[in-house]
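Since every read-out is calculated from the coordinates, none of them should be taken as a lab result. Values in this document were obtained by computation on a predicted structure and should not be read as measured data. Reconstructed Cβ throughout: ideal geometry from the backbone, glycine too, with neighbour counts over all protein chains shown.
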Amino acid sequence: MEDKIVTLEAYYDPMLAEIILGRLKANGIPCFLADENTLAANPFYNQAIGGVKIKVFEHDLEKCRAILAEEVVPQSVDEELISCPNCQSTNVSYGPAPIKKNWFSILISFLLSTYPIHLHRTWTCADCGANFNPHAQ
Ligand SMILES: [Zn+2]
């Protein structure tokens, strides 16, 4: 089997492409950028050529996708252990917290300095719909 070189992703932002490239290289993935020079010469060609392409070997594709997937995970390494405190499901996701409190309780919380400003995001269970903060347990 020969190693085919394929496009992993295309980025309209060359800086972002460089960051991703650096991340892949740090994980031992052989990779390079294509079309970068064309972009530098004339950024208006971005749309026409589909941005900066990150090229990788086809057999590394899945590994690369895993590395890119890791990147969107927002926090620490122990996240994979997080499960729903309500139903123990691990089918949970991290996102913006739904606003449940009414304005009065938020105001009171503000006054008492207990409103968790740093917890604008929360974990949500896809199975039972529970919202929870694993770090508060
Ligand atoms: Zn649940």
Requested in this report: Order by neighbour count: 87, 64, fewest other Cβ atoms within 10 Å first, most last.
Outcome: 87, 64
Query - Long-range amide H partners of residue 11 with built H, under 5 Å - result: 52, 53, 54
Report task. Please give the FRET efficiency for residue 70 paired with residue 2, using the beta carbon to beta carbon distance and R0 = 30 Å, rounded to the nearest 0.05. Result -> 0.55
Requested in this report: Could you please report the charge total around residue 59, scoring K, R as +1 and D, E as -1 over all other residues with beta-carbon less than 15 angstrom from its beta-carbon?
Outcome: -1
Report summary line: Residues meeting the amide H criterion for residue 92 (H placed from the backbone, H to H distance under 5 Å, 5 or more places apart or on another chain) are 126
**Report entry** For residue 5, net neighbour charge (Lys/Arg +1, Asp/Glu -1) across residues whose Cβ lies under 11 Å away
**Finding:** -1
Requested in this report: Along Cα→Cβ, 7 Å out, is where each label goes; now give me the distance between the ones at residue 9 and residue 59 in nm to one decimal.
Outcome: 2.4
